1. Could you list, in sequence order, the residues of the range 152-171 that are surrounded by 17 or more Cβ atoms within 10 Å (Cβ to Cβ) and not in a loop (DSSP other than H, G, I, E, B)?
2. Quick one: is Val174 surrounded by 13 or more Cβ atoms within 10 Å (Cβ to Cβ), closer than 20 Å to Phe53 by Cα and under 14 Å from the mean Cα position of the chain (by Cα)?
3. Mind telling me which of the residues Gly149, Gly191 ends up being surrounded by 12 or more Cβ atoms within 10 Å (Cβ to Cβ), in contact (Cβ under 8 Å) with a residue 12 or more places away in the chain and over 16 Å from the mean Cα position of the chain (by Cα)?
4. For the range 40-65, which positions are within 23 Å of Gly82 (Cα to Cα) and either free of Cβ contacts under 8 Å to residues at least 24 places away in the same chain or acidic (Asp, Glu) (or both)?
5. Determine if the range 194-204 includes at least one residue that is surrounded by 20 or more Cβ atoms within 10 Å (Cβ to Cβ), touching a residue at least 24 places away in the same chain (Cβ under 8 Å) and not in a helix (DSSP H, G or I).
6. Of the residues Ala65, Ala51, Ala60, which single one is crowded, with 19+ Cβ neighbours inside 10 Å, among the small types (Gly, Ala, Ser) and over 12 Å from the mean Cα position of the chain (by Cα)?
7. Collect the residues in the range 101-135 that are under 16 Å from the mean Cα position of the chain (by Cα), over 18 Å from Glu198 (Cα atoms) and in a loop (DSSP other than H, G, I, E, B), keeping them in residue-number order.
8. Hey, could you check the range 177-188 for residues that are surrounded by 12 or more Cβ atoms within 10 Å (Cβ to Cβ) and either charged (D, E, K, R) or touching an Asp or Glu at 6+ places or on another chain (Cβ under 6 Å) (or both) and say which is nearest to Gly140 (Cα to Cα)?
Amino acid sequence: MNFLKSLFNRGGATASVIPEEPPEMPADSTTRLIIGLGNPGSKYANTRHNAGFFVVDELARRIDAPESRKRFKGEVSEARRGSGKFILIQPQTYMNESGLTVREAIQWYKMPLEQVLIVVDDLDIPFGEVRLRSRGSAGGHNGLRSILGTLGTQDFPRLRVGIGRGNHAAIAHVLSRFSPEEEAGLKTVIGKAADIVELWTDRGIIDAMNIANDPANQPLAPQQSH
């Protein structure tokens, strides 16, 4: 959980992965499980397909989360946020098997699906835009397809971070790095996506969708003059 250190000036060395440990207790109603999808390893670290990882990195920075632990075939960090708690996970299974991590985590924490948020990249949303949904199909995303298959339901919230389609084949595009122009706006986009996660936590899915999906509230939307 360290890609955005350079963007957000977090600084410091790469967080080490410490041995697996049991959680303090099953999650209660104030806990949120936030799983950002991506591919592990330096080869994929800065690619568009890892947008979900970037959002989790930013949330970890905001709540000063401790070093990640190896659990559920992923990297896991838990920290208090106000009177509640965030459990932040980055699956290390590669995108196509993300559902393995998601299912294990949900079963371990006995987490209701309404308290789970999956964060993913999306080809069909332009770069600079985000969308929040309470349920839905995989929409061609292999990570979501894996999760739908392991959970057996579409009824879980997901936050989609737009990466656009670009001029290349889909696979080549998602595994490519952001352009210099996109890099210039990436901090804003990831920050806005993290804002939406916090909004979902504080006000629930309906209010969060109404605000997040309003075109005027998109991260790189033109600002109105006053």
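1. Within the range 152-171, Arg158, Leu159, Arg160, Val161, Gly162 qualify.
2. Details: surrounded by 13 or more Cβ atoms within 10 Å (Cβ to Cβ): yes; closer than 20 Å to Phe53 by Cα: yes; under 14 Å from the mean Cα position of the chain (by Cα): no.
Criteria not met by Val174.
3. Working: Gly191 fails: over 16 Å from the mean Cα position of the chain (by Cα).
The unique qualifying residue is Gly149.
4. Residues satisfying the conditions are Asp57, Glu58, Ile63, Asp64.
5. No, the range 194-204 has no match at all.
6. Working: Ala51 fails: over 12 Å from the mean Cα position of the chain (by Cα); Ala60 fails: over 12 Å from the mean Cα position of the chain (by Cα).
Going through Ala65, Ala51, Ala60 in turn, the sole match is Ala65.
7. Leu123, Ile125, Phe127, Gly128, Arg135 - these are the residues of the range 101-135 that are under 16 Å from the mean Cα position of the chain (by Cα), over 18 Å from Glu198 (Cα atoms) and in a loop (DSSP other than H, G, I, E, B).
8. Taking the candidates together, the pick is Arg177.
The values are calculated or read from the model by the stated rules, or taken from the named source; none is laboratory data. Being a predicted model, the structure only gives us computed values, none of them experimental. Virtual Cβ from ideal backbone geometry, glycine too; neighbours counted across all protein chains shown.
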